[in-house]
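Enquirer: I'd like to ask some things about the structure below.
The values are calculated or read from the model by the stated rules, or taken from the named source; none is laboratory data. All figures in this text were calculated on a predicted structure; none of them were measured in a lab. So basically every Cβ, Gly included, is an ideal-geometry build from the backbone, and we count neighbours across all protein chains shown.
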Amino acid sequence: MPKKLNIDSLSSEITTVNDLLLSARQSGDFVGEMQLEHRLNKLTKKLEKLKENTFADNSASVALFFGGQPVLGSKGIAAEFAGLALEQFQNLISKVFATSEVGELGKRGKVPFKANSELMVTGLARGSFGFVLDEMSEQTQLEASELSHVIDKATFLIRDTAAQDEAVFEALLEDLDPRTLIALKDLFSNLDTSKATIRVVEKDMDFTLDGAAIHRAKIRTEATSIEEEIHEIEGTLVGFLPEHRKFELRDKSGNLIYGSATKEAVEQFEKATETVIGKQCLIKATIKTVAPLNRPPREVVRLIEFLRFGE
């Protein structure tokens with residue numbers, strides 16, 4: 001369960017016990033007062049330990065709360081909606097995970113590393129009807145897992161796609177894979193059609209998207225297109241920043257091309273036996289054409305690999 005939910009739950013319980021303790025003191029219930037003080041002491045120590053514990057399990061964990069038409073308070077949720085929403089969220093996680101590992105995904109076919117990105121429903125979240133999804137790991141991890149970082153990115157994608165400022169959504173499009181865009185569109189379409197709301201809690205992040213925000217995200221994802229083509233480009237490598245995965249290349253026509261690079265391209269650059277800056281090279285790159293809502297299309301270049309260094 002996300003640490004924030006545990007902290008919120010304990011804090012709420014402490015507030016309730018404090019209220020009961022005050023009532024017991026006012027009514028002269030000495031036995032009840034002693035029992036409640038003991039309970040309050042245990043809860044307070046547990047909360048302090050949880051806040052201070054920096055070596056807690058860092059496996060991926062996220063809670064999804066749903067509201068609106070498919071939900072009956074905290075009593076129940078429409079099974080068909082819940083099943084589809086969880087499937088769509090998992091699909092988004094799988095696409096983001098695969099993109100982080102291999103760079104660009106093919107237009108069709110199996111999603112790489114899908115098994116590595118699977119979450120399990122481990123419990124129901126209190127409050128509105130929700131689900132806790134956790135990464136199943138055989139041992140406690142002292143550092144955040146790769147899947148944990150992926151869920152960070154996926155939750156940011158959900159939040160920023162529905163942001164009120166359209167510029168926030170447009171900023172994420174440069175790094176968005178076409179199949180990830182489809183996964184976002186499917187999720188928001190289901191939420192909007194079902195007249196549902198969603199709250200996402202993950203690590204320190206906690207946000208809620210109401211009907212207006214969800215509809216806004218649906219319109220954006222439906223109206224945005226991302227097309228990719230793979231090209232081989234020959235030219236002079238003007239600059240390369242391995243730590244930032246950025247490159248600049250001047251092609252044979254004199255055009256300056258710049259963009260991001262994959263892990264593989266960075267490794268190739270770092271393993272080069274001599275400096276290749278200012279030298280001729282042949283690269284394989286994806287040129288992504290992004291056409292957001294009511295905006296002119298723009299191109300985003302990603303260096304996949306170096307095919308040749310030197311003449």
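Enquirer: Out of the residues in the range 207-237 meeting the condition of being charged (D, E, K, R), out of contact with any Cys (no Cβ under 9 Å at 6 or more places or on another chain) and loosely packed, with under 15 Cβ neighbours inside 10 Å, tell me which one is farthest from G254 (Cα to Cα).
Expert: D210
Enquirer: Considering the range 66-80 alone, what residues qualify as being surrounded by fewer than 20 Cβ atoms within 10 Å (Cβ to Cβ) and either assigned to a helix (DSSP H, G or I) or among the aromatic types (F, W, Y) (or both)?
Expert: The answer is A79, E80.
Enquirer: Another question, if that's okay. Being modelled with pLDDT of 90 or more and of a type in the set (S, T, N, Q) is the filter here, so list the residues in the range 197-235 that pass it.
Expert: Scanning the range 197-235 gives T197, T208, T221, T224.
Enquirer: Can you name the residue in the range 157-170 that is over 15 Å from the mean Cα position of the chain (by Cα) and among the charged types (D, E, K, R) and is also nearest to S94 (Cα to Cα) among such residues?
Expert: Step by step, filter the range 157-170, then rank; the result is E170.
Enquirer: Might you check whether a residue that is loosely packed, with under 14 Cβ neighbours inside 10 Å, in a helix (DSSP H, G or I) and within 21 Å of the chain's Cα centre (by Cα) occurs anywhere in the range 190-198?
Expert: Checked the range 190-198: no residue is loosely packed, with under 14 Cβ neighbours inside 10 Å, in a helix (DSSP H, G or I) and within 21 Å of the chain's Cα centre (by Cα).
Enquirer: Then there's this: Among (1) more than 16 Å from Q88 (Cα to Cα); (2) free of Cβ contacts under 8 Å to residues at least 24 places away in the same chain, which single condition is L173 missing?
Expert: So L173 meets the others, but not (2).
Enquirer: What's the total number of residues in the range 222-240 that are touching a helix residue (DSSP H, G or I) at 6+ places or on another chain (Cβ under 9 Å) and either under 16 Å from A261 (Cα atoms) or outside any strand (DSSP E or B) (or both)?
Expert: Of the residues in that region, 5 qualify.
Enquirer: Continuing with this model, one more query. Quick one: which residue in N91, N18 is of a type in the set (S, T, N, Q), surrounded by fewer than 16 Cβ atoms within 10 Å (Cβ to Cβ), modelled with pLDDT of 80 or more and over 21 Å from D206 (Cβ atoms)?
Expert: N18
Enquirer: Turning to a different aspect of this structure: So, L209, is that one closer than 30 Å to K288 by Cα, aliphatic (A, V, I, L, M), touching a helix residue (DSSP H, G or I) at 6+ places or on another chain (Cβ under 9 Å) and not assigned by TED's automatic domain parsing to the domain that holds S128 or not?
Expert: The answer is no for L209.
Enquirer: Restricting the range 109-143 to residues that are surrounded by fewer than 19 Cβ atoms within 10 Å (Cβ to Cβ) and β-branched (V, I, T), which is modelled with the highest pLDDT?
Expert: V121
Enquirer: Can you give me the ranges of the strands (runs of 3 or more DSSP E) entirely in the range 241-311 with at least 3 residues that are closer than 30 Å to I219 by Cα and free of Cβ contacts under 8 Å to residues at least 60 places away in the same chain?
Expert: The strands (runs of 3 or more DSSP E) meeting that bar are 298-309.
Enquirer: Going by the structure shown, is L147 under 20 Å from A63 (Cα atoms) and in the same structural domain as F65 (by TED's automatic domain parsing)?
Expert: Here the answer is yes, as L147 does meet what is asked.
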